[in-house]
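Take a look at the structure below.
The values are calculated or read from the model by the stated rules, or taken from the named source; none is laboratory data. On a predicted model such as this, the values are computed, not experimentally measured, just so you know. Cβ atoms come from the backbone with ideal geometry, glycine included; neighbour counts cover every protein chain shown.
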Amino acid sequence: MLKYSLKRLASSLLTLCIIITVVFVLLRQMPIEGYFDNFEKADAATINAKLEQLGLNDPIPVQLWNFFKGLLHGDLGTSSRYSAGASIADIIANKAPVSIKLGVMSLALSLMMGIPLGTAMARSKGKFWDRIGTMYIVFINAVPAAVYYIFIQMYGANALRIPMLFDENNLVTWILPVFSMSLCSTASYAMWLRRYMVDEMNKDYVKLARAKGVESKKITMRHVFRNAFVPMVQYIPTSLMYTICGSIYIESLYSVPGMGGLLVDVINRQDNPMVQAIVMLYSCIGIVGLLLGDLLMTVIDPRITFAKKEGAR
Amino acid sequence: MGLFRNLKTAPVEKRVSEELKERLAATEKAPFGFAPYNPENAEKTGYSNYSYWGSTFRVFFKNKLAVTLLSVLVVLLVFTFIQPHLPNQYPSNLIINHPITGMQMSNVQPSFTTVKAKAPAGVELIVTPYENDEWSAVSNVLADLKARTKFQVIEYGEDFCKVQYGDVIGYVKNDFSTKLKLPDDPLAVPYESRSNFKIKLYSTPNDYTSNGDELFVETKYLKIEGDKAVTTAECELRILPSSAPFLFGTNNLGQDLWALVWSGTRTSLLIGFVVAMIEAFIGIIVGVLWGYVRKLDRILTEVYNVIDNIPTTIVLILIAYILRPGVGTLIFAMCLTGWVGMARFIRNQIIIIRDRDYNLASRCLGTGTLRVIYRNLLPYLVSVITLRMSLAVPGAIGNEVFITYIGLGLPVSIPSLGNLINVGRKLVSTSQSYQLIFPTIVLSIITISFYIIGNSFADAADPKNHL
């Protein structure tokens, strides 16, 4: 297991380097006009000077080398256009905590709501809970998120008599953003858990348990649920770590000062150092999350192992 | 029986065995005997007329909800294509202007008719010249008075007061929007009065033209003398000289929302279908090879990791810069970033079944890779592939809404559901919320239908459900 993890980590580093290089090259293809505020009025000398200052006139391998050198010193660089001169690590450290807090709370809420709902849907297949749950899932999938977030904000703020905008210190204002963010994940967890549980309930060992006369509740909780939950675990570390990305809709609706629209914003402003730093951060998270998810699966279910088995082709 | 007695079934068992004994005694025949030998029985072979697709469709059509939604979807699809050819339709990108004032008819509320008011016979109206002979442009505004203009009140009314302004007799509105300055006893006419706001002097005690624009009435109902006219019968005053109503209202620019919604549905459905098809095609090919051929697994996993982690926003912006924004560009960009998910999904499914016994047997027999893929693996995956494809269409439309939200979508001149929803989103708390509600309803119907049809078809395609 250890050997496998180390091998995965090594190939993840390689993947990371490839990703950074590809993003680097892609970013350099962006139009030069984007780096300047008034491109038409600037003359060739100014343009050249600015490009030199931004380090864009050097050939690409030189730029890459500079970037990696800075990275090894722990320096993520300074933002060139988003907030000029500020250290990127500072910017991210300011914005990330709020997004992480919101994300973790909504993840916990969606697990607490989604898993019981999925179980109830699987147990009462075709009856009341199944119908209600299916209607909920279909609604969440059908209506674009942007639309029902707005309705929740308007009517929720009126009904609960809380302020509409988010304020970090006022705990009451946390309710609506967290609730809205968790709706989508709840639907997803409920749907997948129901599917896996129904598949498990068709298996032979469950028929045997029923024939032996084991109570229905014990079968569901002790056998079916534990087996059905295994495939879902691999997504939880990734979701946990992606909370740093923030949700762009929620953060713009409730004016949350978080990481939500940061990536889109800095890409539009062509702030290359920031884009590279954020992409690297997200890629690290994605890869580590994937690895953790696989490890978590092997911890929960001892039958699963990623090492080579004899007999496999 | 032996050691354990099942308490629940013991009495039933006793009854059943007693009944069996009685029946056997009644027949007077031994329950079992030797069967005769017939050599022709050796030639009988089993024949099963089981057809996979036949059973799939049979199970699918038994599901009433799915069939209803399928017909709704088909009707919707057909309607979006025949809608421009129906009578009384406005072109979708036509900005509708008021024929006299030339201003855009923006933010008109949805209604089933263009009639604004009904005028009884004998109403005096002012006629504005308008070249169409069948219709006349009328209004009952005699004059626009500036704020604090003084006039004499001749008669007092709760809604309208009859006043004299100079040598013109007319009516002014008496409500909170005009706040006429009145003495303690308003009925003691005549007295002087004024309003602190701009007010209109009407020729009749009705405010047909509340915003000052002319209304239109068919000429046959008027008796015209110069620039004044009197209605000869009960007639309808319309906002435009036509009876084509704005079923969904108009948007801020003055374009008919009904036509925009159906044109947008056409565009969005086109994008969704094309993206789903291309994604499925490329995704299945790559995914099957990725999952089945072990040598390709490592390389493609690395490629997948790289592609998955590049933000789609960068790719979208670059493609939108290189090729101008448009429908083809959007389709290209969405396919480029979307095939990866499908490939990974197919690869996961293939990994589950690639080492099963029947595939092992095929390989031992020497079956070529392509044939194993085509005959063994893909038919097993029909159910999950159709589910994914049917979810890909609403997924593509939802993706398009998101892309438009961050500003990279279709230009505003090409209507699409994403554009309409994003424009309407800002108006949700105003009186123009209909601009959000109608596109959302159409989008929801499409998505719900695809979702339920996809799920039902996937359930029907699973051979365990073929009874």
Looking at B:Pro205, is it closer than 24 Å to B:Leu125 by Cα and assigned to a loop (DSSP other than H, G, I, E, B)? yes
Among the residues in segment A:265-273, are any touching a strand residue (DSSP E or B) at 6+ places or on another chain (Cβ under 9 Å) and away from every other protein chain (no Cβ under 12 Å)? yes
Please find, within segment B:48-79, the residue that is surrounded by the most Cβ atoms within 10 Å (Cβ to Cβ) out of those that are in contact (Cβ under 8 Å) with a residue 24 or more places away in the chain and in contact with a Phe, Trp or Tyr (Cβ under 8 Å, 6 or more places away or on another chain). B:Thr56
Going through segment B:410-424 in order, the residues found to be buried (at least 22 other Cβ atoms within 10 Å of the Cβ) and more than 14 Å from chain A (Cβ to nearest Cβ) are B:Leu410, B:Pro415
Name the single residue that is farthest from B:Thr447 (Cα to Cα) among those in segment B:400-409 being in contact with a helix residue (DSSP H, G or I) (Cβ under 6 Å, 6 or more places away or on another chain), more than 7 Å from chain A (Cβ to nearest Cβ) and modelled with pLDDT of 80 or more. B:Thr404
For the list (1) in contact (Cβ under 8 Å) with a residue 60 or more places away in the chain; (2) buried (at least 17 other Cβ atoms within 10 Å of the Cβ); (3) more than 14 Å from chain A (Cβ to nearest Cβ), I need the number of the one condition that B:Glu218 fails. (2)
Test B:Gly287 against the stated conditions and say whether it is surrounded by 21 or more Cβ atoms within 10 Å (Cβ to Cβ), within 14 Å of chain A (Cβ to nearest Cβ) and at pLDDT 85 or above. no
Segments classed as strands (runs of 3 or more DSSP E), wholly inside segment B:93-140, with at least 1 members that are among the hydroxyl-bearing types (Ser, Thr, Tyr): B:124-128, B:135-139
If you go through segment A:113-129 one residue at a time, how many are surrounded by fewer than 19 Cβ atoms within 10 Å (Cβ to Cβ) and closer than 18 Å to A:Pro237 by Cβ? 1
Condition (residue is away from every other protein chain (no Cβ under 11 Å) and touching a Gly at 6+ places or on another chain (Cβ under 6 Å)) applied to segment B:425-436: is it met by at least one residue? yes
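Between B:Arg371, B:Arg363, which is away from chain A (no Cβ under 14 Å), at pLDDT 85 or above, in contact with a helix residue (DSSP H, G or I) (Cβ under 9 Å, 6 or more places away or on another chain) and not in a loop (DSSP other than H, G, I, E, B)? Spell out the reasoning first.
Values: B:Arg363 fails: away from chain A (no Cβ under 14 Å).
It is B:Arg371.
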Of (1) more than 8 Å from chain A (Cβ to nearest Cβ); (2) out of contact with any Phe, Trp or Tyr (no Cβ under 8 Å at 6 or more places or on another chain); (3) part of a helix (DSSP H, G or I), B:Arg324 satisfies every one except (3)
Exception for B:Ser203 within (1) crowded, with 19+ Cβ neighbours inside 10 Å; (2) within 44 Å of the chain's Cα centre (by Cα) falls at (2)
Of the residues A:Gly260, A:Gly286, A:Gly293, only one is within 13 Å of chain B (Cβ to nearest Cβ) and either in contact with a Phe, Trp or Tyr (Cβ under 7 Å, 6 or more places away or on another chain) or over 30 Å from A:Ala228 (Cβ atoms) (or both); which? A:Gly260
Scan segment B:426-439 residue by residue and report those that are without any contact (Cβ under 8 Å) to a residue 40 or more places away in the chain and buried (at least 21 other Cβ atoms within 10 Å of the Cβ). B:Leu436
So for segment A:153-160 (the condition being away from chain B (no Cβ under 12 Å), in contact (Cβ under 8 Å) with a residue 60 or more places away in the chain and either under 16 Å from A:Ser252 (Cα atoms) or not β-branched (Val, Ile, Thr) (or both)), does at least one residue qualify? no
In segment B:304-321, which residues are of a type in the set (Val, Ile, Thr) and either in contact (Cβ under 8 Å) with a residue 60 or more places away in the chain or facing chain A (nearest Cβ under 7 Å) (or both)? B:Val306, B:Ile310, B:Thr313, B:Ile314, B:Ile317
Go through the residues of segment B:219-238 one by one and say whether even a single one is within 30 Å of B:Val423 (Cβ to Cβ) and at pLDDT 80 or above. yes
Segment A:117-153 - residue that is touching a helix residue (DSSP H, G or I) at 6+ places or on another chain (Cβ under 8 Å) and in a loop (DSSP other than H, G, I, E, B) and, of those, modelled with the highest pLDDT: A:Ser124
Please determine whether any residue of segment B:181-192 is crowded, with 16+ Cβ neighbours inside 10 Å and outside any loop (DSSP other than H, G, I, E, B). no
